[in-house]
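Computed from the coordinates by the stated procedures, all read-outs in this text should not be read as laboratory data. Bear in mind that the values here come from a model prediction, so they are computed numbers and not experimental data. Ideal geometry is used to build each Cβ from the backbone, glycine not excepted, and the neighbour counts take in all protein chains shown.
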């Protein structure tokens, strides 16, 4: 994953995190959502209308101190082609072109493999790297992932952040009519938290090796 300048960007986890949370849609993953939508499309009008989801509840940060410089750690994180070395879900990343303003992340769980398109939002070397997961088609702002880097005694304090965006509710409701998005995200959040802790632990191990 990689960042001082504002660009139209994402990265990680898909990554990560996520989509960050699509480590499970109760175990079926993003592709399961698509096939389920096909089955339910004709009966969509039969589903009850659920209240809008307050997505502001679905965010999290994890922090670790790494014995390396902010510039060195930034270079690792902002190189999205190396994502698979630390992320437990995002196994690969590929830049769309030489501008490195967007990329495709490949995510893998025991059940399936899927890809999401991401836009890099911030790429500030040694300071911050952030990107937005735009979903499988690249047409919806769903999840924002970010990394900040701060020099401290002993190296660099790295903070990873995950934030589900407002469009997520509408996106999933259209994909799977009648889906209880709040219930789904309630399940996604602890899985994502665990994945973020694993990501930073793996990043630390690589950076300090």
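Structure data summary
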item	result
Sites residue 174 and residue 57, calculated FRET efficiency, Cβ-Cβ separation with R0 22 Å, nearest 0.05	0.55
Cβ-based exposure ranking for 152, 53, in which fewest neighbours within 10 Å come first	152, 53
Between the stretch 171-192 and the stretch 115-145, the Cα center-to-center distance that results, in Å	20 Å
Cβ crowding within 10 Å averaged over residues, with 105-117, 175-187, 69-81 ranked highest first	69-81, 105-117, 175-187
Spin-label model distance (nm) - residue 209 vs residue 166, 7 Å beyond Cα toward Cβ	4.3 nm
Percentage of interatomic Cα-Cα distances in the stretch 29-207 larger than 25 Å	36 percent
